[in-house]
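The values are calculated or read from the model by the stated rules, or taken from the named source; none is laboratory data. These numbers come from a predicted model, not from an experiment. Positions of Cβ are generated from backbone atoms using ideal geometry, with glycine treated the same way; all protein chains shown enter the neighbour counts. Note: accessible area is taken over every heavy atom of the protein model, side chains too, but ligands, DNA and RNA are not part of it. Shrake-Rupley method; radii C 1.70, N 1.55, O 1.52, S 1.80 Å.
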Amino acid sequence: MSNPFSFHFEKVSTKKVSEFIREQLEEAIILKELMSEEQLPAERDLAEMFDVSRITVREALSALEDKGLIEKRVGAKGGTFVLPLTTNSHKRTREEIKRGWAQMLKVFEYRTIIEPEAAFLAAERITAGELEQLYNYMEQSIEPDCTREWFRALDVKFHLTIAKASRNPYCETAVRQIRTKINPALDLMPYDDRIRSVNYEVHMEILEALKSRDSVRSRDTMKRHIEFSADAIYARLVSESEQQERNEMQ
């Protein structure tokens, strides 16, 4: 039967409850709200938190384990632990990101619309406490003993804090969704003193614009930062692909 309407409905898709749980836990891991080596609550506690059966929780955890995000360990100090995402993503997502680069570009395009405008609003609405938070994140990121995983976590916290400071829940939700999509790509970037220094400088530019309540500068600086990130990721993927091709030809 043809559609009698001039618009189209989306087809209904049935999703298991375990998928909803898996998605929430995966988002928390990708956004580094659950950190590497952090132990998840026991199955019975997760079942109580989500108000579901332990079998449903077990299905969700099994899916996360298959994706290399968590690991179950036995013994006296056993349990379910979050794996280092920045390490595993090198093995798990590089080819996937290269294959889906056209779609990733759409996410970055969306990001250049949302995050700069969130920064524009944040410049007017951010609190002194939030400005201090941003400064603390930056200072931790430049510490000599800052690990790769914690550096990536601080970067996420920096951007999510600005989104929250926009005082627009739709902006905040959008930025969370965007970061869930792009974090695996950002985790592929190299980590060294130069990267940390460049990141510190651009974040300081954004922070200074926010502190001075300069909405336009906050928006423009954030946009340049985002565009640079997209270009850097693409350059890394392409250069590695070309290097691999050269090695295979030798």
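A few comments on the model shown:
- Relative contact order %, the chain, counting alpha carbon pairs below 8 Å whose residues are six or more apart: 22
- The sum of -39500 (n - 2.57) across all DSSP H runs of n ≥ 4, divided by the residue count of the chain, sets its helix-only mean residue ellipticity at 222 nm to -23500 deg cm²/dmol.
- Candidate residues ARG125, ARG22: accessible-area rank, largest first, probe 1.4 Å: ARG125, ARG22
- Counting only protein heavy atoms and using a 1.4 Å probe, the accessible area of CYS146 comes to about 10 Å².
- Measuring nothing but alpha carbons in the chain and taking Rh as the Kirkwood radius, the Rg to Rh ratio lands at 1.01.
- FRET efficiency, GLU227 to ASP45 (Cβ-Cβ, R0 51 Å, nearest 0.05): 0.75
- Accessible area (Å², 1.4 Å probe, nearest 10) - ASP66: 130
- Rolling a 1.4 angstrom probe over the chain with all protein chains present gives an accessible area of which 53% lies on carbon and sulfur atoms.
- Looking at the chain, the accessible area is 58 square angstrom per residue; that uses a 1.4 Å probe and ignores ligands, DNA and RNA.
- Anchor LYS164: lysines whose Cα lies under 28 Å away (excluding residues fewer than 8 positions away in-chain): LYS32, LYS106, LYS181, LYS211, LYS223
- Net charge of neighbours whose Cβ lies under 9 Å from the Cβ of SER141, counting Lys and Arg as +1 and Asp and Glu as -1: -2
- Solvent-accessible surface (1.4 Å probe) assigned to PHE228 amounts to roughly 130 Å².
- Translational diffusion of the range 139-246 was estimated from the Stokes-Einstein equation, with Rh taken as the Kirkwood radius over Cα pairs; at 20 °C and 1.002 mPa s the coefficient is 142 µm²/s.
- Relative contact order %, the range 114-179, counting alpha carbon pairs below 8 Å whose residues are six or more apart: 50
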